[in-house]
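Below is one structure, written out as C-alpha cells; the observations come after it.
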Amino acid sequence: MAENEIAPKPEKKAGLNLKVLLIGLPAFIIQLVAVYFITANVLLNKYQDTVKKAEQIIENAEKAKKDGGASESEQGGEGKELGKFLYSVDEVIINPNGTDGKRLLLTSVGFDINSDAGQKELKEKEILVKDIVISVLSSKNITQLNDVAYKDTLKIEIKNKMKEKIPSVKVNEVYFSKYIIQ
C-alpha cells in the first residue's frame, strides 16, 4: 500500500444496538415496576387514609346531629336558642400547612354557647380557645382552606376539639364571621 492511499474505514451497521437492548430494556422495565409499586403502596395509602379521616369526620358530624336532636326531644321538646350567648375570637392570623409562611388565613370565629356561664368560662380560657382554632386551621393545607364545602368540616373539627378540651362548655354552633386567604 502506498502512503497516499487511505485505508477504508469499516462502516458501522445501521440498526438496533445490542447493548441498548440488553441493558436499557430491563432497566426501563425495572423503573416501571418501581413506579407502579411506589404509586400503589405509598400514594394510594395516603389518599385512602385521607378519605377515611374525612368519612369519619362526616360520620361523627351526622352522629352529633342525631344525638343533638334526640336529646332535644328527650327534654320535652325544648329547642336550643341559637344566637343568645355568643363568644367571638376576632382577627386570628394563621399560616396554613405547607405554605412556609407565604400564605395567610385571617379569620374571626364565633361560638354559639348554651349558657351565660359557658360564655364566661370561654372568656376566662380565651388563650385555650385561640389555640384550638389555630391548631385546627393551621393543620390544613391551602387547598382544603380554599374549598367552600370544607368549611363545614372545619367547623365540626373545631367544635369537637372544643368539646374535648373544654368539656364543661356546650358549643351549639361554630361560625366564621371573617375568612380571608391571602
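Every number here is computed from the coordinates shown, using simple stated rules; none is lab data. Owing to the predicted nature of the structure, the values given are computational and were not obtained by experimental measurement. Note that each Cβ is placed from the backbone with ideal geometry, even for glycine, and that neighbours are counted across all protein chains shown.
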Quiz item: How large is the Kirkwood hydrodynamic radius of the range 85-181, in angstrom, based on all distinct alpha carbon pairs?
Solution: 13.5 Å
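Relative to the Cα centre, what is the charge dipole magnitude of the range 98-182, using +1 at the beta carbon of each Lys and Arg, -1 at the beta carbon of each Asp and Glu, and rounding to the nearest 20 debye?
The calculation lands at about 120 debye.
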Quiz prompt | Entries of 63/84; 84/140; 120/159; 120/140; 46/123; 84/151 with Cα pairs more than 27 Å apart | solution = 84/140; 120/140; 46/123
Self-check item: Which of 182, 92, 142, positive extreme of dipole for the range 89-182 (C-beta unit charges)
Solution: 142
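Sorted from fewest to most neighbouring beta carbons within 10 Å, what does the list 134, 94 look like?
Sorted ascending by nearby Cβ count, the order is 134, 94.
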Quiz item: Counting other C-beta atoms within 10 Å, which of 115, 108 has the fewest, and how do the rest follow?
Solution: 115, 108
Practice problem: Hey, can you grab everything whose amide H is under 5 Å from the amide H of residue 173? Only 5+ residues off in sequence or another chain; H modelled, so Pro and N-termini drop out. | Solution: 112
